[in-house]
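Before any comments, here is the structure.
The values are calculated or read from the model by the stated rules, or taken from the named source; none is laboratory data. This one's a predicted model, so the numbers in the text were calculated from it and none came from an experiment. Positions of Cβ are backbone-derived with ideal geometry, glycine not excepted, and every protein chain shown enters the neighbour counts. Note: accessible area is taken over every heavy atom of the protein model, side chains too, but ligands, DNA and RNA are not part of it. Shrake-Rupley method; radii C 1.70, N 1.55, O 1.52, S 1.80 Å.
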Amino acid sequence: MATMRDILRQAYVAMRHDRRRTTLTIVGMAWGIATVVLLLAYGTGFGVAIENIFATYGGRELGVFPGRTSMQAGGNKAGTDIRFTLDDIDRLTANVPQITKISPECGKKMTSTYDVRSLNEYVRGDWPAIQDIFNLELQEGRWYSAEELMQKARVAVLGSEAKEKLFSGKYAIGERIRINGMSFEVIGVIAPKMQNNDDNINRIVNIPFTTMGELMDTHYLNGIWMNYESPDYEGIERAVRTTLARQYNFNPEDKRAVYSANLVKQLHEFEILSMGLKVLLGFIGTLTLGIGGVGLMNIMLVSVSQRTREIGVEKALGATYKTILTQFLAEALSITAVGGMIGIAIAYIVSYSVGRLTLYSAIGTNAEAGDIRLLISPASVLIATGILGAVGLVSGMIPAMKAARLDPIEALRYE
């Protein structure tokens, strides 16, 4: 009985018999597996880019903003204005224990000046917790403290573009700017954040909420921002809406009464889209690899026809059905394995060579992390290898079965 080493040696000899044919078949299989791996890598890179886009704004972050009722059933008549106050902060904290940090927000466009330079952008008043809620990293200086909030300190933290606009390349920490004529000390500069061209996140000037009360009426809030520890993002949003609905007598399902920005919910929706994209790309890659499999099958069928007399001799000498089947299947799988290794190597070379593919940076600034990179994960390689093995097995099995079923007498007569 032939050993595995003998079978592999026979496969090697058969592959060397017609090197051109073998080489072309290997190239076809390599092209197919490289396509599968690269398409899956693109899908993975797309998913990571989406995660990076959301991560730059914060983690489990939820914002609620007052609106106007549109549903009369179960609440106030349609068209009633909803207006938040600081009491809602305590109300939400008491009724939604999963909230870890929370901050009110009040702000509007104001003129900030330094020397002869001026900036007419949004000035935002918040609690110190907003730094963690928005995941704001500082490029220079520090954030304002709880003590400065209590003392209504006139301190400001500038967005990166706001600092550049007011100070250009000059060091800003310790300098004083004027906001609507009121003097503020610059204590921090936020590192550049990913943003689209319509967003002004890097141009915002941040000051303590209590100090904002000296620039505008802060009795009614623009909105409330919070983050939370529970993975049940929909349950948290529902609890927040229910708490506010109970206070202001509106239907919790009325999306216009209170607008919400739930980043985890949006991320989950994009993850579903990303998974769908991976499945689609994997399917396309499988079809491409299937074409290579058809080529392998055709080549093996030609090989069976050319070696019919050889098969007849082997059978006359006592070779069994299983021996012939294993011999031709081993040859097909050897071609598949060599093509697979070459294809995976090509995929890695291409992924490293291509680098970054433009996605979010096309519409935003500081958005390189939101671009797509071809990320070949171990899971992608395993999936592609599994598909390759299945294609190689099916493509090799049909010719191998044909060879194993040949009648030895008819095979010896074959010219």
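Filtered by the rule that a residue be surrounded by fewer than 18 Cβ atoms within 10 Å (Cβ to Cβ), touching a helix residue (DSSP H, G or I) at 6+ places or on another chain (Cβ under 8 Å) and under 27 Å from residue 165 (Cα atoms), segment 201-240 gives a lone residue, 210.
Does at least one position in segment 115-125 carry a residue that is of a type outside the set (Ser, Thr, Tyr), under 26 Å from residue 171 (Cα atoms) and touching a Leu at 6+ places or on another chain (Cβ under 6 Å)? Checked against the condition, which is being of a type outside the set (Ser, Thr, Tyr), under 26 Å from residue 171 (Cα atoms) and touching a Leu at 6+ places or on another chain (Cβ under 6 Å), segment 115-125 yields at least one hit. Filtering segment 143-194 to residues that are among the acidic types (Asp, Glu), part of a strand (DSSP E or B) and open to solvent by less than 60 Å² (accessible area, probe 1.4 Å) leaves nothing. Looking across segment 41-88, the residues that are basic (Lys, Arg), assigned to a loop (DSSP other than H, G, I, E, B) and either modelled with pLDDT of 80 or more or touching a helix residue (DSSP H, G or I) at 6+ places or on another chain (Cβ under 9 Å) (or both) come down to 60, 83. Selection of first residues in segment 162-188 that are more than 19 Å from residue 212 (Cα to Cα) and of second residues that are open to solvent by 40 Å² or more (accessible area, probe 1.4 Å) and assigned to a helix (DSSP H, G or I), restricted to Cβ pairs under 8 Å at least 6 apart or on distinct chains, gives the following pairs, ordered by first then second residue: 165/203. Taken over segment 328-362, residues that are modelled with pLDDT under 75, open to solvent by less than 50 Å² (accessible area, probe 1.4 Å) and touching a helix residue (DSSP H, G or I) at 6+ places or on another chain (Cβ under 6 Å) amount to 3. Checking the structure you have, find out if any residue of segment 249-257 is in a helix (DSSP H, G or I), under 15 Å from residue 68 (Cα atoms) and of a type in the set (A, V, I, L, M). No, because not a single residue in segment 249-257 is in a helix (DSSP H, G or I), under 15 Å from residue 68 (Cα atoms) and of a type in the set (A, V, I, L, M).
Restricting attention to segment 115-142, the residues being aromatic (Phe, Trp, Tyr) and crowded, with 19+ Cβ neighbours inside 10 Å number 2. Here residue 103 qualifies as modelled with pLDDT of 80 or more and touching an Asp or Glu at 6+ places or on another chain (Cβ under 6 Å).
Could you check residue 365 against (1) modelled with pLDDT under 75; (2) open to solvent by 70 Å² or more (accessible area, probe 1.4 Å); (3) among the polar types (S, T, N, Q) and say which number it fails? Against the list (1) modelled with pLDDT under 75; (2) open to solvent by 70 Å² or more (accessible area, probe 1.4 Å); (3) among the polar types (S, T, N, Q), residue 365 comes up short only on (2). Looking only at residues in segment 314-353 that are among the β-branched types (Val, Ile, Thr) and more than 40 Å from the chain's Cα centre (by Cα), the one that is nearest to residue 373 (Cα to Cα) is 326. Within segment 383-400, residues that are farther than 11 Å from residue 289 by Cα and assigned to a helix (DSSP H, G or I) reach partners that are polar (S, T, N, Q) and open to solvent by 30 Å² or more (accessible area, probe 1.4 Å) with beta carbons closer than 8 Å, at six or more positions or on different chains, in the pairs 400/326.
Looking across segment 241-298, the residues that are charged (D, E, K, R) and open to solvent by less than 20 Å² (accessible area, probe 1.4 Å) come down to 241, 254. Inclusion of residue 91 among residues that are over 23 Å from residue 257 (Cα atoms), at pLDDT 90 or above, in contact with a Ser or Thr (Cβ under 7 Å, 6 or more places away or on another chain) and open to solvent by 30 Å² or more (accessible area, probe 1.4 Å) is not warranted.
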